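Chemist: Following this message is one structure expressed as structure tokens.
The values are calculated or read from the model by the stated rules, or taken from the named source; none is laboratory data. Just so it is clear, the structure is predicted and the values come from calculations on it, not from any experiment. No Cβ is skipped: glycine too gets one built from the backbone with ideal geometry, and neighbour counts run over all protein chains shown. Areas reflect the complete protein model, heavy atoms only, side chains present, ligands, DNA and RNA absent. Shrake-Rupley method; radii C 1.70, N 1.55, O 1.52, S 1.80 Å.
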Amino acid sequence: AAPRVLNVNVGVLGHIDSGKTALARALSTTGSTAAFDRAPQSRARGITLDLGFSCLRTALPPQLGPGPGELQFTLVDCPGHASLIRTIIGGAQIIDLMMLVIDVTKGMQTQSAECLVIGQIACQKMVVVLNKIDLLPEGKRQSAIEKMTKKMQKTLENTKFCGCPIVAVAAKPGGPEAPESENPLGVSELIEVLKSQAYLPSRDPLGHFLMAVDHCFSIKGQGTVMTGTILSGSVSLGDNVEIPALKVTKKVKSMQMFHTPVTYAMQGDRVGICVTQFDPKLLERGLICTPESLHTIHAAIISLKKIQYFRGALQTKAKFHITVGHETVMGRVMFFSPAPADFNEEIQENVFDFEKDYLYQEEYLSKDSNSSEENKENDQAEVQLPRHQWALLEFEKPVTCPKLCLVIGSKLDTDIHANTCRLAFHGVLLQGMEDKNYTETFLPKLKVYKLKHKEGQVERVMDDYSVIGRSLFKKETNIQIFVGLKVQLSTGEDGIIDGGFGQSGKFKIRIPDGLKPDTKVLLTVASKKKSKAGKGDTTKEDESSKNDSAQPVTISLLFKRYVFDTQKKMIQS
């Protein structure tokens, strides 16, 4: 049997021009088809445009099991250019170990910070590489490296990568123009660190086959080869695979892994799949899968968390770039939380309960959101934040993606050069809506409510058991739909709206338990004063009665209304 090869995907991320491609080149021994800035536009700009892949093979380190074998690091060179952040997110879903490349002369830059955010969402382990140490003068080199190492340790302190290895290298001493004979510095040490960090990634051959294709080309006499990384499941020779974006199904004719023919590949493997009679121009990159296993959705319910480095509130009705599966589309969001009584409830992960009631939110609730600003003045230092929050995403155009997948929301139209994190939230897709008419067929099942509070005033007493109110409704409101709703007077009595009174939006309230004597006195004084003032009596009223009239009796009406209820029913507990 051939010695086993363990494949570990290493994402090479970092700010533009930190030297990621040069580092990947210095590390790798076998170039894969996608490798090293192969796109003409990329070569012209000198930056990596697509996810380049190359690989490095070394002996299997002892911690990964006995016996002969090779450890293969597939280096996924993720583009650093800000506008290409979508590609990085695509690459981050298949990464076991992240290598964050930092230009030692510049330190953390905007995109390095964004890469750190993506790494925390999508990856478990990281190695930091301080590149370009050849630019530091020899005498001061060691102290400069130590200083930057300390700085990086501080930056990583509050992330899940706290205490990760930091290695200093010069991938291409003398820069891109230098002769090839210049040997890189520190690269063999880096390979040892990578080996020490390698682990057996948890791979699962079960579940639907899903592969992220990054290149597609034809080979004369063979057919069309799609290369990419298997995100889930496994594939065998002769299987049918679907290209969902094109609604085409093809049979797997042959497969290769790094120039070696294979008959089977599974999650985490980097593979080339050959099919016949398929035009490679139709699919430059995208997903292929077990037939029928992906769905195409127009909207979705997701659970989400805000990314702490994103400045500003996440507002309902705002638009974000939503990355889901391998696509990025514009989408509008509506945030909602559990009903206040359930704020602390533990919820089963990755399922959404349509039986429960949820509270509509104008924005995602976080320590720095507006709703908590008001509470600071009321000396409530501890603002209750819900344990879980959700959003309804409505896409501008349908997206094809797996049933449960990572979702990232960002504001990619923010100025590239502004020193700010553009990734706003991340979450899990819990429920997709495949029906184009989901607003009618699906949304009414979603029980998100708003709390409504209206206030009016008592105009006058009719008798001991009824009063006339005003200012609760606009003149044109149909009061009939409010009949039977409960209200409360500021003096404590409970009442029920009985119907309209006259034409100007006034209404009658029944007080089943009768008005309290004090309330009657209050209202009689108030209405007397009104009539007195009405008779043109402009004498100054004495101070005490002025205070009385400054306190009209108010009527408050509280009800909840479900956002997606077509009948707009008002509900009171």
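Chemist: If we keep just the residues of segment 104-155 that are of a type in the set (A, V, I, L, M, F, W, C) and without any contact (Cβ under 8 Å) to a residue 40 or more places away in the chain, which is surrounded by the fewest Cβ atoms within 10 Å (Cβ to Cβ)?
Modeler: In this case the residue turns out to be L135.
Chemist: Something else: Please pick out the residue among A92, A113, A122, A82 that is at pLDDT below 90 and in contact with a Phe, Trp or Tyr (Cβ under 7 Å, 6 or more places away or on another chain).
Modeler: A113
Chemist: Then there's this: Out of G174, G163, I need the residue that is at pLDDT 90 or above and part of a loop (DSSP other than H, G, I, E, B). Which one?
Modeler: When all the criteria are applied, what remains is G163.
Chemist: Return yes or no: is M226 part of a strand (DSSP E or B) and free of Cβ contacts under 8 Å to residues at least 24 places away in the same chain?
Modeler: Answer is no for this residue.
Chemist: Consider T420 carefully, then state whether it is at pLDDT below 85, open to solvent by 20 Å² or more (accessible area, probe 1.4 Å) and either farther than 30 Å from V213 by Cβ or in contact with a Gly (Cβ under 6 Å, 6 or more places away or on another chain) (or both).
Modeler: yes
Chemist: Would you please list the contacts, defined by Cβ atoms under 8 Å and residues six or more apart or on different chains, that run from a residue in segment 271-287 that is closer than 27 Å to F73 by Cβ to a residue that is surrounded by fewer than 13 Cβ atoms within 10 Å (Cβ to Cβ)?
Modeler: C274/I219; C274/Q222
Chemist: Among the residues of segment 296-313, write down those that are part of a strand (DSSP E or B) and either surrounded by fewer than 20 Cβ atoms within 10 Å (Cβ to Cβ) or under 15 Å from the mean Cα position of the chain (by Cα) (or both).
Modeler: T296, A299, A300, I301, I302, S303, L304, K305, K306, listed by residue number.
Chemist: Within segment 257-274, can you find the residues that are assigned to a strand (DSSP E or B) and more than 35 Å from the chain's Cα centre (by Cα)?
Modeler: Scanning segment 257-274 gives T260, P261, V262.
Chemist: Can you give me the number of residues within segment 203-220 that are within 15 Å of P402 (Cα to Cα) and surrounded by fewer than 15 Cβ atoms within 10 Å (Cβ to Cβ)?
Modeler: 2
Chemist: When E242 is evaluated against the numbered criteria (1) in contact (Cβ under 8 Å) with a residue 40 or more places away in the chain; (2) part of a strand (DSSP E or B); (3) over 25 Å from Q431 (Cα atoms), which criterion, by number, is the only one it fails?
Modeler: Of (1) in contact (Cβ under 8 Å) with a residue 40 or more places away in the chain; (2) part of a strand (DSSP E or B); (3) over 25 Å from Q431 (Cα atoms), only one is false for E242: (3).
Chemist: Please give the number of the condition S293 fails out of (1) at negative phi; (2) open to solvent by 20 Å² or more (accessible area, probe 1.4 Å).
Modeler: (2)
Chemist: Please pick out the residue among F336, F278 that is assigned to a loop (DSSP other than H, G, I, E, B) and either surrounded by fewer than 19 Cβ atoms within 10 Å (Cβ to Cβ) or more than 12 Å from the chain's Cα centre (by Cα) (or both).
Modeler: It is F278.
Chemist: If I ask for residues that are open to solvent by less than 50 Å² (accessible area, probe 1.4 Å), out of contact with any Leu (no Cβ under 8 Å at 6 or more places or on another chain), of a type outside the set (V, I, T) and at pLDDT 85 or above, which ones from segment 243-273 would you list?
Modeler: Residues satisfying the conditions are K250, A265, M266, G272.
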